[in-house]
Amino acid sequence: MARSWWLIPLLFVSCAAKKKVVEPEKPTVGWYKASAWKSACYFPPAFSEMGVGDRRMARDAARQAMSDQWSGSRNDGVQFDPATADAVNDVFLGSPEKVEIAAGENYEQCVKFQETGDLSAWTAWTETLAGRMLKGVCRHRLDDTMFFYLDIGGGWQFQASICEDDKVEIKATVQDEYRVDDGGPWINANGDRSKPAHGDAYPCNIEGCYVGEVILRFRGESGAVLIRPVGESLVFDPPEHGTIEVMANDTTYFNNVFKVEHNLQHRTGITYEPIE
């Protein structure tokens with residue numbers, strides 16, 4: 001008896017269940033709220049990919065968004081000290097490009113707040129932001145000529161800010177005379193050329209410094225201090241951002257007097273003049 005064989009196709013079915021891939025949420029530019037968050041965070045655009053005009057407007061939008069949130073006007077549980085926010089805004093107004101850095105960091109801080117509900121880290125970040133944004137930035141440029149009268153009875157005076165790429169000429173009038181010792185000679189801004197200033201008591205005691213001479217002190221942002229003789233004039237090229245100030249090179253000031261002629265007292269004028 002013939003036997004018939006039926007061929008039954010075998011279907012192989014994978015036992016492993018296919019897992020659905022969940023794509024992470026991608027923030028949209030501007031105010032964005034993830035599904036798990038209680039409120040929104042401002043997500044900045046890709047500034048570097050924008051044209052000049054669009055980039056400027058995007059900076060303004062990001063600056064305004066941060067200002068609104070920090071002031072508490074969004075009623076989302078976020079509010080910082082107004083003085084801190086004002087200091088940061090002052091930086092932004094002077095250096096708009098800093099908005100781009102701050103906006104990215106601010107978004108990261110906002111995300112952490114949404115995840116933890118703890119505002120302390122974000123608060124600490126805002127309190128140091130102005131200082132960090134100003135690091136390496138010259139806050140006040142010497143772009144106008146400044147004129148003062150030297151006080152020979154005082155120490156360092158006429159402090160002015162100066163930027164690293166500035167150059168300034170400090171000038172003193174030499175027709176005006178004064179003395180820095182009882183019974184000493186009448187001298188002008190060049191000092192007593194017969195008396196080099198020696199000893200640590202004199203602010204300027206390097207070679208070329210004389211008693212009674214007008215001298216300059218520069219204090220850099222790094223903390224570095226430079227003291228130089230000025231005399232009648234000096235062109236100073238600062239090594240970094242900082243401040244300049246002047247004084248008469250002396251150890252005591254109580255007996256310093258200006259010369260009086262024809263009932264008119266001499267007064268030494270000091271000029272800070274920026275050089276293009």
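Taking the stretch 138-167 as the range and being touching a Lys or Arg at 6+ places or on another chain (Cβ under 8 Å) and closer than 19 Å to Glu240 by Cα as the test, the residues that pass are Ser161, Ile162, Cys163, Asp166.
Within the stretch 192-218, the set of residues being over 15 Å from Tyr272 (Cβ atoms) and surrounded by 19 or more Cβ atoms within 10 Å (Cβ to Cβ) comprises Asp192, Ala197, Tyr202, Cys204, Cys209, Tyr210, Val211, Gly212, Glu213. Screening Gly184 against (1) closer than 30 Å to Val257 by Cβ; (2) surrounded by 17 or more Cβ atoms within 10 Å (Cβ to Cβ); (3) not aromatic (Phe, Trp, Tyr) leaves a single unmet condition, (2).
Restricted to the stretch 92-172, the set of strands (runs of 3 or more DSSP E) holding at least 3 residues that are crowded, with 18+ Cβ neighbours inside 10 Å comprises 168-172. Checked against the criterion of being out of contact with any Gly (no Cβ under 9 Å at 6 or more places or on another chain), touching a residue at least 60 places away in the same chain (Cβ under 8 Å) and farther than 27 Å from Asp165 by Cα, the stretch 86-105 has at least one qualifying residue.
Within the stretch 41-56, the set of residues being over 23 Å from Lys26 (Cα atoms) and in a helix (DSSP H, G or I) comprises Val52, Gly53, Arg56. Candidates are the residues of the stretch 173-196 that are free of Cβ contacts under 8 Å to residues at least 40 places away in the same chain and not in a loop (DSSP other than H, G, I, E, B); the one that is farthest from the chain's Cα centre (by Cα) is Ser194.
Just one of the numbered conditions (1) buried (at least 19 other Cβ atoms within 10 Å of the Cβ); (2) under 17 Å from Val180 (Cα atoms) is not true of Tyr253: (1).
Per-residue answers, yes or no, for (1) of a type in the set (Asp, Glu); (2) free of Cβ contacts under 8 Å to residues at least 40 places away in the same chain; (3) not assigned by TED's automatic domain parsing to the domain that holds Val99:
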{"site": "Trp122", "(1), (2), (3)": "no, no, no"}
{"site": "Trp125", "(1), (2), (3)": "no, yes, no"}
{"site": "Thr128", "(1), (2), (3)": "no, yes, no"}
{"site": "His140", "(1), (2), (3)": "no, yes, yes"}
{"site": "Leu150", "(1), (2), (3)": "no, no, yes"}
{"site": "Gly153", "(1), (2), (3)": "no, no, yes"}
{"site": "Trp156", "(1), (2), (3)": "no, no, yes"}
{"site": "Ser161", "(1), (2), (3)": "no, no, yes"}
{"site": "Glu164", "(1), (2), (3)": "yes, no, yes"}
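Among the residues of the stretch 239-259 satisfying the criterion of being of a type in the set (D, E, K, R) and under 36 Å from the mean Cα position of the chain (by Cα), which is modelled with the lowest pLDDT?
Here the residue is Glu240.
Restricting attention to the stretch 233-244, does a residue exist that is β-branched (Val, Ile, Thr) and over 22 Å from Asp151 (Cβ atoms)? Within the stretch 233-244, one or more residues are β-branched (Val, Ile, Thr) and over 22 Å from Asp151 (Cβ atoms).
The values are calculated or read from the model by the stated rules, or taken from the named source; none is laboratory data. Quick caveat: nothing in here was measured; it's all calculated off a predicted structure. Cβ atoms come from the backbone with ideal geometry, glycine included; neighbour counts cover every protein chain shown.
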